[in-house]
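In what follows, a single structure is set out as structure tokens and then discussed.
The values are calculated or read from the model by the stated rules, or taken from the named source; none is laboratory data. Model, not experiment: these values are computed from the prediction. We place every Cβ from the backbone using ideal geometry, glycine too, and count neighbours over all the protein chains shown.
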Amino acid sequence: MVDPYVPTHGNAGYKVESYDLELDYRVNSNRLNGKATITAVATQALSRFSFDLTGLRVSKVSVNGRRPQRFTQRSGKLYVTANVADGAEFSVDIQYAGNPKPVDSPWGELGWEELTEGVIVASQPSGAATWFPCNDHPGDKAHYRISITTDSPYRVVANGRLVSRRVKASRTTWVFDQAAPMATYLATVQIGPYDEVELATSPVTIRGVLPGRQVREFRHDFARQQDMMKLFCRQFGPYPFGGYTVVVTDDPLEIPLEAQGISVFGSNHVDGRNGSERLVAHELAHQWFGNSLTPASWQHIWLNEGFACYAEWLWSEESGGLTADQQVSKAHSRLKVLPKDLLLADPGPELMFDDRLYKRGAITLHVLRKHLGDEAFFDLLRTWTRTHRHGSVTTAEFITLAATYSPNEDALGRLFGAWLDSYELPALPRKR
């Protein structure tokens, strides 16, 4: 299982069922000691298999409770020698340690990164291996249990439900359980001197975790998040996870980022003037598009970003800003003067996070909405999120489902061909 967009990550021969991570982290020295128990099922007979792990040194590996013949680390991979039968479930225990740091990539620094006081983990698309051994491929989703022991003054946030918090002397152990299948790039740990505030309990519990000095501005800037949640639940279907947590780091960030059940903003995104409201909507929408429905490979990234961008415009329309029609017209005018070298259905690794992909993807959805009509379009989105809940998705699957709603299959084929499979920017449909 290797993605051509990130060819050095991902591993063949097995599918992971669960990760059980026991982490001990010292903030002052940036020292991480970890034990990972990975349970997987072999998809072929194995005599050797590998995991992605970079910058951390493995000291011990066992397979099914037994020491293997050999393990080696080379070029960001941990290779384990052990025989596993085709179709067999097997468990690998890996002990490792080191000073984690982000890795350079074509998309910037990724993974575990020190803040002024604490930690941020931002892994999309290939930074997960900076803090735990894994099969770092978006299509291999698994259950996670994450235990983190760190210095007691700090608050820890990780994916899923907080199962327990135990204080012992000057250290606290936080244990989280993420039952819904999750891709490696969406796994995260956030550590900092944070306070916790509750923003809403209905229709979903929404919490904020942030520096105490920013609580007042945060409550103002994120006050409409509950209304966003209500809108998106109507339009996209039920919220796919048990709760939603927004983390605001004590440091500025260039852009916010999503993780499963969590969004992370920088201190610069809280200004007391709603300056980042469209980003608040964008990151929330990723809980449906990207986190519950995850691209089977990075080629299909528009299914994340195009949908989240369109959610910004839906919120704008709902909240009295520009209508979706106006947003589309504005974005289309911008795209007209930009290079025409992006193929939405297969943008390539260099352009997978290009802003043109976000905007063109969102426009594509609006054109589809006009083709189907509002009732059918939003029913399509709700069926899409329900049918593939907690799964992996492709562009072809979305097109196939859309065809069941279209009154004219030939016209739909031309629509998708023009917007997804052509470099040229199509004209917007004439208003009826």
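For the stretch 91-112, what are the residues that are modelled with pLDDT of 95 or more, over 14 Å from Asp52 (Cα atoms) and of a type in the set (Phe, Trp, Tyr)?
Trp112
Six or more apart or on different chains, Cβ atoms under 6 Å: show the pairs whose first residue is in the stretch 138-164 and not assigned by TED's automatic domain parsing to the domain that holds Thr39 and whose second is at pLDDT 95 or above.
From the stretch 138-164, no pairs qualify.
Matching residues to (1) in contact with a strand residue (DSSP E or B) (Cβ under 7 Å, 6 or more places away or on another chain); (2) farther than 17 Å from Val16 by Cα:
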{"position": "Val58", "(1), (2)": "yes, yes"}
{"position": "Asn64", "(1), (2)": "yes, no"}
{"position": "Pro68", "(1), (2)": "yes, yes"}
{"position": "Arg74", "(1), (2)": "no, yes"}
{"position": "Tyr79", "(1), (2)": "yes, no"}
{"position": "Asn83", "(1), (2)": "yes, no"}
{"position": "Asp93", "(1), (2)": "yes, no"}
{"position": "Leu110", "(1), (2)": "yes, yes"}
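When you check Gln260 against the structure, is it in contact with a strand residue (DSSP E or B) (Cβ under 8 Å, 6 or more places away or on another chain) and either of a type outside the set (Val, Ile, Thr) or crowded, with 20+ Cβ neighbours inside 10 Å (or both), yes or no? Full working, then the answer.
On the way: in contact with a strand residue (DSSP E or B) (Cβ under 8 Å, 6 or more places away or on another chain): yes; either of a type outside the set (Val, Ile, Thr) or crowded, with 20+ Cβ neighbours inside 10 Å (or both): yes.
So Gln260 passes the test.
Going by the conditions given, is Pro240 in a loop (DSSP other than H, G, I, E, B) and without any contact (Cβ under 8 Å) to a residue 24 or more places away in the chain?
No, not satisfied.
Among the residues of the stretch 375-423 satisfying the criterion of being assigned to a helix (DSSP H, G or I) and β-branched (Val, Ile, Thr), which is surrounded by the fewest Cβ atoms within 10 Å (Cβ to Cβ)?
So, considering only residues that are assigned to a helix (DSSP H, G or I) and β-branched (Val, Ile, Thr), the one surrounded by the fewest Cβ atoms within 10 Å (Cβ to Cβ) is Thr400.
Scanning the stretch 1-52 for residues that are among the hydrophobic types (A, V, I, L, M, F, W, C) and over 22 Å from Asn83 (Cα atoms), which turns out surrounded by the fewest Cβ atoms within 10 Å (Cβ to Cβ)?
Looking at the filtered set, the residue picked out is Val27.
Taking the options Gly98, Gly118, Gly111, Gly127, name whichever one is buried (at least 17 other Cβ atoms within 10 Å of the Cβ), at negative phi and in the same structural domain as Ser62 (by TED's automatic domain parsing).
Every option except Gly127 fails the conditions.
Restricting attention to the stretch 243-277, which residues are at pLDDT 95 or above and either part of a strand (DSSP E or B) or β-branched (Val, Ile, Thr) (or both)?
Scanning the stretch 243-277 gives Tyr244, Thr245, Val246, Val247, Val248, Thr249, Ala259, Ile262, Ser263, Val264, Phe265, Val270.
Considering Val2, Val92, Val80, Val63, which residue is in contact with a Gly (Cβ under 9 Å, 6 or more places away or on another chain) and β-branched (Val, Ile, Thr)?
Result of the check over Val2, Val92, Val80, Val63: Val2.
Cβ contacts < 6 Å: first residue farther than 15 Å from Leu231 by Cα, restricted to the stretch 370-389; second residue at pLDDT below 95, any location; separation 6+ or different chain. Result?
Partner pairs satisfying both residue conditions: Lys370/Pro429.
Go through (1) free of Cβ contacts under 8 Å to residues at least 40 places away in the same chain; (2) in contact with a Leu (Cβ under 7 Å, 6 or more places away or on another chain) for Arg74 and report which single condition fails.
For Arg74, the exception is condition (2).
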